[in-house]
Amino acid sequence: MSTDSDIIRRSERAPQDFAEVFDRHAVSVEAFLRRRLGADAAEDALSETFLIAFRRRGSFDHAWESARPWLLGIASRVAARHRTTEAKHWRAVAASAGAGEHSTGGGIDEAGGRVDAAAAIRELAPRIAALSARDRETLLLHAWGGLSHDEIAQALGVPVGTVGSRLNRVRRKLAPPGSQVTRLTWIGKEIEDGRVGTRA
């Protein structure tokens, strides 16, 4: 199977081949944008993301086989241009959690987890919305985009150490007063004692 890098290189001669990159990554990029902007704005943001990617395909770093970090970096910048929509979405997320409307999916066995998730959203959403744009996008690329520190660095064009510093700063800002641990289980990750990992 061709890597994304192979496809993007090929698309410079045969532009229609770039559609394969869309087919591979549109679902995950749209899911990321839906969480950032809500369903209504995500579709337009998805189109904008792939249009930008197509136009900039000549600048893709072929040292990376996967285009996913690159695409999520573009999507993150597109979302940042929709700051008003994103801020409104965060307020809606917090309000729906307060009204018990938010669900993380799953069946009855996961009901307790969904209640915990709703409580976490209610508490954390305003604080996540108040983070600097750089810190918030770093957190969300890791938590919702599923990117590693190296991939976030690629997506944002920053050193890997900067990614670690931002995530540590986010952990301190989101931690309850006096707490050493902040578990962001409602976004499928936890940040604990300065380390970020997937929830067990």
Candidate set from the stretch 1-16 (those that are assigned to a helix (DSSP H, G or I) and small (Gly, Ala, Ser)); member that is farthest from Arg68 (Cα to Cα):
Ser11
Those residues of the stretch 28-47 which are surrounded by fewer than 18 Cβ atoms within 10 Å (Cβ to Cβ), aliphatic (A, V, I, L, M) and over 14 Å from Leu72 (Cα atoms), in sequence order:
Ala39
Would you kindly identify the helices (runs of 4 or more DSSP H) lying entirely within the stretch 17-132 that contain at least 3 residues that are closer than 17 Å to Gly146 by Cβ and at pLDDT 95 or above?
19-37, 68-80
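The values are calculated or read from the model by the stated rules, or taken from the named source; none is laboratory data. The shown structure was predicted, so the numbers you read here are calculated from the model rather than taken from an experiment. We place every Cβ from the backbone using ideal geometry, glycine too, and count neighbours over all the protein chains shown.
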